[in-house]
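First comes the structure, then the notes that go with it.
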Amino acid sequence: MSEIVFQQGLFRDPGDPGGRRRLFAETVTNVVVEISSYCNRQCTYCPVSSVDRISDRKSLPAEIYAKILENLAQISYVQSLCLNLYNEPMADRPLLIARIREARAELPKCRIYFSTNGDFLSPDYVREMVEAGLSELYVTVHMPKGRRYDDPYAITLFTDLSKRLGKSIKVDGFSPGATISGRMTLHGLPINVFSINYDVYGTDRAGSVKKLTQATFRRTSPCNRPFHDFTVSHEGTIFPCCQMFVDNEHHRASFAIGRITDFPDIFAAYATQAMARWRAELLRFGPKKSPCDTCNLECRDPQPGESERRDELYRRFVRPVPDAPPHPRRPIFGRWLDGGKSE
């Protein structure tokens, strides 16, 4: 992940279209777009297991997807575009191919990728995705429903996938009881394959998967996701990061930044004060508030001097804001601490 270019605009809306575009272009490296809602699995370590995403298939409206691509093209976006969130994008082949092709036409130098459970993978499907413009693919193989993770069975799943695709998978990582990783290239497409013991090493998805919440863990690490990522659900709802789940009523009511249609462009959405507050709260080392307090994603200890540098950035860019009017209530994550909705 690239280094953040810290600047005032990350914590306070630049206020003009040009400044917002520059802010987005200089900071965002991963745009996550959930192009559809459907998933053919209901893994117990995923929030999809608590809702019905099988019987009712929904797609991100074409006009919203077109708006995102048009905005990205305005800044000649060359970073990453991910086409999944809590969905299985390969389940709808015509839609996926169309969305890849549309993205490639608007963003010729962008890295287009997504993650899949691999259930729909075939050599001809890979060829079609490559021809449409896909850059890279991530495959996570999962245990059958009701079966706990074990390494031998995970290796069997790797073997089955290799046979189906007619290409060997080179295993390059193995942590017993935790994860197996490998890679292959098919029709020129880099394919990364993983098997992960999510029951032990998964995240609780902003508290929506209670069984994965660690009772004794509390996050103190900063998080760069609200800086680098711009995340849009299949409804067009914007979230500060990919851990939030639009089908969770609490997440939608408390953590959503708004809908794409609420803003003139994605740059204004990224620069909004609601997003700025998330970035301010997650900038430094120290205890985090809900829902980030139980998130173990990318946690780390500070490098020498890093904590002091981030504290200085906070003093420089976040506190105090010279012409901000004083207020007895402190806004956290889009809401006031006393429960009222912030502006």
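The values are calculated or read from the model by the stated rules, or taken from the named source; none is laboratory data. Fair warning: this is a prediction, and the values are worked out from it, not measured in the lab. FYI the Cβ positions are ideal-geometry reconstructions off the backbone, even for glycines, and counts take in every protein chain you see. Surface areas here come from the heavy atoms of the whole protein model, side chains and all, with no ligands, DNA or RNA. Shrake-Rupley method; radii C 1.70, N 1.55, O 1.52, S 1.80 Å.
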Convex hull (Cα only) mean projected area of the range 138-208, reported in nm² to one decimal: 5.5
Shape of the range 59-105, Cα gyration tensor, a/c cut at 1.5: prolate
Column: log10 I(q)/I(0), Debye, Cα scatterers of the range 231-327, q = 0.10, 0.25 Å⁻¹: -0.34, -1.31
At q = 0.10, 0.11, 0.13 Å⁻¹, base-10 log of I(q)/I(0) for the chain (Debye sum, equal scatterers on each alpha carbon): -0.63, -0.77, -1.09
Using alpha-carbon coordinates, inclination of helix 306-317 to the longest axis of the chain, degrees: 50
Pairs beyond 32 Å (Cα-Cα), from K145/K170; K170/K210; K145/K167; K58/K109: K170/K210
Local net charge near M184, Cβ-Cβ under 15 Å (Lys/Arg +1, Asp/Glu -1): +3
Between 0 and 90°, nearest 10: helix 151-165 axis offset from the chain longest Cα axis: 70
0 to 90° range, to nearest 10: angle between helix 93-106 axis and the chain longest Cα axis: 50
Heavy-atom accessible area per residue - the chain, 1.4 Å, Å²: 46
Residue-count net charge about Q79 - beta-carbon cut-off 10 Å; Lys, Arg +1, Asp, Glu -1: +2
Carbon plus sulfur fraction of accessible area for the chain, probe 1.4 Å, in percent: 51
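Taking only DSSP H segments of four or more residues, each worth -39500 (n - 2.57), what value at 222 nm results for the chain once the sum is divided by all its residues, to the nearest 500 deg cm²/dmol? Could the numbers behind the result be given before it?
Details: 11 runs with 104 residues, N = 343.
After summing the helix terms and dividing by the residues of the chain, the value is -8500 deg cm²/dmol.
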Proximal aspartates and glutamates relative to K163, as straight alpha-carbon distance under 15 Å, when same-chain residues fewer than 8 apart are discounted: D119, D124
Top of P144, P61, P222 by mean-square fluctuation, Gaussian network on the chain, Cα under 10 Å: P144
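Would you mind telling me the antiparallel percentage of the DSSP bridges in the chain, rounded to 5?
Numbers: 21 of 39 bridges.
Around 55 percent antiparallel, to the nearest 5.
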Most mobile of R218, R41, R309 in a GNM of the chain (Cα contacts under 10 Å): R309
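Place a +1 charge on the Cβ of each Lys and Arg in the range 137-288 and a -1 charge on the Cβ of each Asp and Glu, then give the dipole magnitude about the Cα centre in debye, rounded to the nearest 20.
On the way: 20 positive and 13 negative charges, 64 e Å.
Here the size comes out at about 300 debye.
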Student exercise, the chain dipole from Lys, Arg, Asp, Glu Cβ charges, in Debye to nearest 20: 480
Leading residue at positive end of dipole, the chain (Cβ point charges), from N197, G305, N87: G305
Span from the the range 262-278 Cα centroid across to the the range 40-60 one, whole angstrom: 28
Residue-span extension gain [K170 to T216] - 0.36 nm each, minus C-alpha spacing: 12.8 nm
